[in-house]
Amino acid sequence: MSRPGAGGAMSRGRLFVLRLLVVALLLTLCGRLWFLQVVSGAQYVRAAADVRIRTVSLPPTRGQILDAAGRPLVTNKTRPVVSVDAIALQHQPDGGKAVLVRLSKVLRQPYQQIAEKVRLCGPRVPQPCWQGSPYEPIPVAQDVPVPTALQISERQQDFPGVRTELLPVRVYPLGTSAAHTLGYVQGAKGRDGLEARYDGDLAGEPGKRQVAVDNTGQVTRLIRQDEPVTGDNLVTSIDARIQGIAEQALSGALAASGGTSGAVVVMRSDTGRVVALAGHPSYDPAVWTDGVSSKEYKALPLLSQPVQGEWAPGSTWKVASTAAAAAAGYGLGATYDCPSGYVVGNRLFRNFASADLGRLTMHGALVKSCDTIYYRLADELWQRRSDIMQKTARGFGFGEPTGVDLPGEAAGAVPDAAQKKAVWQATRKESCRRATTGYPEMKDQGRAAYLTAIARENCRGGGVWRGGDAANFAIGQGGVLVTPLQLARAYAAIANGGTLFHPRIGHKVVSPDGRTLKTITPPVAGKLPASAETLRFMRAALAGVPRSGTAEEAFEKFPFDKIAVAGKTGTAESFGHRDTSWFASFAPDPAYTVVVVLSEGGRGGEVAAPAARVVWEGILGLRERR
């Protein structure tokens, strides 16, 4: 028989043990929690931070640029590419220098060359530099040997922030041909030429890959992947065959004449579509594919001669002066004296080679390229305080960009009284200083004396538009500047009856599966300030230039029955340099306009005209059959 209260004592004992056990468990849990949070907390924080999600951009395949027949001008090829993560380098203690030093040894490139490729552009950062996003991989080498690519991939501990992968890269089948027209890509973005102008169509859309990586940088799993969208193709009006002929004609003419630079423009007179743009000097745009070094960048001729080169047009300008004279009331059928010289003010302006050509009609003035007739017309209009020559020149599209679908186009220059006065006011102080000191630093004493005389004149009373300025203006000298494309557009308008186009190189945008997404039509910019009668007169006069005028020798035995080429030679003087050589031409069928210019090339009829003939014969296919 149990004693009273024994069961209660036992229950209290058990309860005590249970309480003790609970307290022990709580103390154990608290101790473990303290250990995890306090003793090992920093370690787990680092581990948690090291396991993160990384988003990798997947570059799309950029659309191709094709010629009018569908031949590739710019295409893509998959190649092994070594690229660098600039942000990853910046987070390293030495800014990534040690990694780049090791990488330079593996790639067998100088360290400085790689460092220049990966530095980010900024206000005080000189070219070359990376113009793309700092979060994009920066390519530093392409087409690397497989062992080299594997060495980099397998030694990530030595190359953090560096990776190798197969990527589509731009390929330029024509090499240096049309380089400025096509442009280049840097940082997945078009930076010049058609690549820049149509970047929104060509670029496509990048994809996205999200992966989990551990604290060593190894990918542990794929979270999500969105595939990139291939860019659309751009079909141009460029004819690769004619482009090649233009390049050869320009190269040959420069080699024969010793010219320093030049351009050839071929365009459709009836539509404003550009068929060829050749320029020298040029370069291979593939140099941009894996980054350009400082040495390479400084050597690159980045000026596009057809659309950014500016020269005095010489006598090719006389078409605008003829239209101005007709508008001012001068009879195109009347006859005028063409003496060896004409006095404007107190200065004698001479005909080319001081030739006395007797009495000529305006037709003969264009065919024989008489300067003194135009000196007289300009002088008389200046005395009447008429600015019709400037107004007509601007109506021909000079003095402003043509609006071609290329970036960075030059405007040329149509000087007038207001411009001359503004320049004089801005430079008068320096002119007066030079009037006293001269130019002792110049080795060419003749040029120094000439510049000193100009400085004295400008100091005393420059800034006034004089008869001599008007005379020079009338023959395409005295500050007049045009681009080859501007001149081609003006001559195309003469050929087509007066319509000025905004030229276009892009023809249509086509999807990767061949569907036409949009057609690009050259917009009409305006009409020439010349009557239909004046335009017919000019076409007839210009037809005589290659048959019996200043380009007769260059076009001897040319098949005019197959293609009725008309044109105008130009020889523009440049003090201290050889003459600039021009030939501007057109034909009704096929309706092309061809303009050739060679800086320091010599006389237009002797150098530019023969080069233009090569292009015309190439258009007809005569060059191949010789």
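The values are calculated or read from the model by the stated rules, or taken from the named source; none is laboratory data. Quick caveat, the model's predicted, so the values are computed rather than measured. Virtual Cβ from ideal backbone geometry, glycine too; neighbours counted across all protein chains shown. Keep in mind that these areas ignore ligands, DNA and RNA; they rest on the heavy atoms of the full protein, side chains included. Shrake-Rupley method; radii C 1.70, N 1.55, O 1.52, S 1.80 Å.
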Evaluate the stretch 286-437: find the radius of gyration of its Cα atoms, find its Kirkwood radius, and give the ratio Rg to Rh. 1.10
What number results when the radius of gyration of the stretch 401-521, computed over Cα atoms, is divided by 2.2 N^0.38 Å? 1.63
The chain: angle of helix 318-327 to the longest principal axis, Cα-based, in degrees nearest 10: 60
Protection proxy (average C-beta count within 10 Å per residue), highest first, orders 394-402, 161-169 as 394-402, 161-169
One computes Rg over Rh for the chain from alpha-carbon atoms, with the Kirkwood Rh, and obtains 1.23
Based solely on C-alpha atoms, express the radius of gyration and the Dmax of the stretch 91-188 in angstrom. 15.0, 45
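Could you rank the peptides 338-349, 565-576 by their average count of other C-beta atoms within 10 Å per residue, with the highest value first?
565-576, 338-349
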Longest principal axis of the chain (C-alpha) makes with the long axis of helix 97-107 (C-alpha) an angle, in degrees to the nearest 10, of 70
Ignoring ligands, DNA and RNA, please state the percent of accessible area on the chain from carbon and sulfur, probe 1.4 Å. 54
Stokes-Einstein D for the stretch 363-417 at 20 °C, 1.002 mPa s, Kirkwood Rh over Cα pairs, in µm²/s? 160
³J(HN,Hα), Karplus 6.51/-1.76/1.60, whole Hz, each residue of the stretch 395-406, x for Gly, Pro: x, 7, x, 7, x, 8, x, 6, x, 4, 7, 9
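Using only alpha carbon pairs under 8 Å that are at least six residues apart, calculate the relative contact order of the chain and give it in whole percent.
Across the chain, relative contact order equals 15 percent.
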Would you pull out the residues with amide H under 5 Å of residue 58's amide H, same chain only if 5 or more places away, H placed 1.01 Å from N? 207, 208, 209
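Arranged from highest to lowest average of other beta-carbon atoms within 10 Å per residue, in what order do the peptides 52-59, 530-537 appear?
Highest to lowest by the protection proxy: 530-537, 52-59.
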Once amide H atoms are placed 1.01 Å from N in the peptide plane, what residues at a sequence separation of 5 or more from residue 261, or on another chain, have their amide H within under 5 Å of its amide H? 599
CD proxy at 222 nm, helix term only [per DSSP H run n ≥ 4: -39500 (n - 2.57); per residue of the chain; nearest 500]: -11500 deg cm²/dmol
State which entries of 298/318; 117/518; 189/295; 508/568; 77/97 exceed 29 angstrom in Cα-Cα distance in the structure shown. 298/318; 117/518; 508/568; 77/97
Could you give the Stokes-Einstein D for the stretch 356-460 in µm² per second, using the C-alpha Kirkwood radius, 10 °C, 1.306 mPa s? 91
Charge tally for neighbours of residue 404 with beta carbon under 11 Å away, counting Lys, Arg as +1 and Asp, Glu as -1, is +2
Based on alpha-carbon centroids, what's the gap between the stretch 99-164 and the stretch 527-586 in Å, whole number please? 53
Using a cut-off of 24 Å between alpha-carbon atoms, which lysines can reach residue 421, once sequence neighbours fewer than 8 places away in the same chain are excluded? 391, 429
Mind checking the log10 I(q)/I(0) for the stretch 513-626 at q = 0.13, 0.18, 0.19, 0.22 Å⁻¹? Debye, one equal scatterer per Cα, no solvent, two decimals. -0.61, -0.95, -1.01, -1.17
Whole number in Å², please: accessible area per residue of the chain, 1.4 Å probe, ligands, DNA and RNA not counted. 48
Using 14 Å as the cut-off for backbone N distance, which residues of the stretch 325-346 belong to the label zone defined by a point 7 Å from the Cα of residue 356 along Cα→Cβ? 337-342
Built amide H within the under 5 Å cut-off of residue 349, gap 5+: 342, 343, 344
Output the 0 to 90 degree angle, nearest 10, between the alpha-carbon long axis of helix 417-437 and the longest principal axis computed from the alpha carbons of the chain. 90
As an exercise, take the mean of 1/r over every pair of distinct alpha carbons in the stretch 267-333, invert it, and state the Kirkwood radius in angstroms. 16.1
